[in-house]
Each structure stands twice: as C-alpha cells, then as structure tokens.
Amino acid sequence: MSKAKAIQQGDIRIRPRPPITRHMQRVSSPVVVARGEKTGHQHVLTAPAEVEVYERGGVFYAIVPEGSEATIQHDEHAPVTIAPGTWEIDKVREFDYVARQPRNVSD
Amino acid sequence: MSVVRLSESDRMFIVATFLVQLLGIVATITMGPEFGPLFGIALTLMALVVGTVGWCTRNERNGIPARQEPARTESVKAIDSWEGYEIIQITQPGQSPHCYLRMENPTTGETHIEAVPPNRQTVREALQWRNGDNLDTEVLT
C-alpha cells in the first residue's frame, strides 16, 4: 500500500490522519479553516452534510466518507478537493533561523 | 566594576570626531560672525556623518549587520528546482548557510519565500519538511 500524500494550498497543509475525534468540537460547513493574518484572505472548507468537520485548538479535521468529497477554496489559489479519508488541516511551517526552530507560516 | 576596552580603531574614531568638532569651534571663533558659524555647522555635520559611518562599520565588525541588503551577501545560489519551486542557499560572511524555499503561486504567479532548515537542500525535502511529517505532497496550489 502506498503512503498517503499531503496537499498544500498556499500556507495550509492537509494531511492524512487517523480518525480520532476525542476532545474535538464539531463544526458545520462552510467553515474558515485558516485566515491570513496580514492579507485577511481565507481558506474556506465546504463539504456536504455527510462530511464531519471538527476543530481543536485552531486545527481542523475532516472525515470524508467513501463516495463524498470536500473542497477548500481561497481567493489566490486554485481550489483543492479532499478525497475520502480523515484529514488534518492546519498551517504549514517554516524555519526560524534566529530561534533555530520551526514556526507556523503567517501571511 | 566593568571596564570598557576600546580597540585601536575605536580610539582613532573618537579622536577624529573630537578634532573635527574642535575645528568647527575654532572656525566659529576665528572666521568672524559671517562665515564662522556656517563653517562650524558644516564641520559638525561632517562629524555626524563620520560618526554614523564609523558606528555602522563597528557594528558590522561585531557581527551585527548594519543594513540588510544583498550587497552584504557573500553568495546566493539556487541549489535545486522543480515545478516552479527553488531552493535558494544564502551564505553570509561569518554565518552558516541558510536555505529558503522560493515558490511561485501557480494561480496568481506571485513569488513567495519561506525559510527551511539548512539540511533540506532539495525541493522535495523542503516540501516534506514544510508538511511536518515527511509526507510527499500530491497537490500544490
């Protein structure tokens, strides 16, 4: 079985994750999964009712059942389609050469 | 009690600044009320410029970049590229190389740069690191 791959839309990453929803808050679609601190542009997740979306500490999780799909749209990027599976959605990271450690990207 | 030790160039700089200021005062006294003050002001401004340049130079010698501009950069080179992504390695004097992922938004064409660890020297490695868990990236928009 091939290793699942990630998706990047600008400064967010969408990664396959095990379906764990404990301590998470269910949210309804459409939902803003990331917002540019400087530009104000939003990454908006849109999904049909059968797709479960959760949030914990600013990180979003989408459980997409077989036969369904979700979409993330952004003003400056092409939309991405999320296939069936469980996905984690949050910011990509960059390296901080002063602190010598990773940090979340802000745009 | 801490003692500040001045280098030879620091001492020369202080003496030069003092002499220029002194010349300004002497000129003000000796050249009369018409030209003396103007000459004095000109010399004082010169001392200010000398002081600023000297300060910048000293900071640069101490490892504090006085100006952040490419002119101070020893080398900038692209070490890998793939599908509109590039790894740029920047080496500055006295520092270990820094690597940056340069990317072009495929939708808008805008260029964006993010720092990646220095050991990520290919676009694939940098994108995997950016993902956080070394996964390959299937879709990039």
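Scanning region A:87-104 turns up no residue that is more than 19 Å from B:ASN134 (Cβ to Cβ) and touching a residue at least 12 places away in the same chain (Cβ under 8 Å).
The residue that is surrounded by the fewest Cβ atoms within 10 Å (Cβ to Cβ), among those in region A:74-85 that are facing chain B (nearest Cβ under 10 Å) and assigned to a strand (DSSP E or B), is A:THR81.
Only one of the listed residues (A:ALA6, A:ALA70, A:ALA49) is in contact with an Asp or Glu (Cβ under 8 Å, 6 or more places away or on another chain) and either at pLDDT below 90 or more than 19 Å from A:ARG93 (Cα to Cα) (or both). That residue is A:ALA6.
Listed conditions (1) more than 14 Å from every other protein chain (Cβ to nearest Cβ); (2) under 30 Å from B:GLY109 (Cβ atoms); (3) among the aromatic types (Phe, Trp, Tyr) are all met by A:TYR54, apart from (2). Taking region B:115-133 as the range and being among the β-branched types (Val, Ile, Thr), more than 7 Å from every other protein chain (Cβ to nearest Cβ) and surrounded by 20 or more Cβ atoms within 10 Å (Cβ to Cβ) as the test, only B:VAL123 passes.
The single condition among (1) at positive phi; (2) away from chain B (no Cβ under 11 Å) that A:GLY10 does not meet is (2).
Within region A:26-40, the residues that satisfy the criterion of being surrounded by 12 or more Cβ atoms within 10 Å (Cβ to Cβ) and touching a strand residue (DSSP E or B) at 6+ places or on another chain (Cβ under 6 Å) are A:VAL27, A:SER29, A:PRO30, A:VAL31, A:VAL33, A:ALA34, A:ARG35.
Take the conditions at pLDDT 90 or above, within 14 Å of chain B (Cβ to nearest Cβ) and in contact with a helix residue (DSSP H, G or I) (Cβ under 8 Å, 6 or more places away or on another chain) and apply them to A:GLU88. Does it pass? Against the criterion (at pLDDT 90 or above, within 14 Å of chain B (Cβ to nearest Cβ) and in contact with a helix residue (DSSP H, G or I) (Cβ under 8 Å, 6 or more places away or on another chain)), A:GLU88 does not qualify.
The values are calculated or read from the model by the stated rules, or taken from the named source; none is laboratory data. Keep in mind that what you see is a predicted model, and the values were worked out from it rather than measured. Counting neighbours? That spans all protein chains shown, and the Cβs are built from the backbone with ideal geometry, glycine included.
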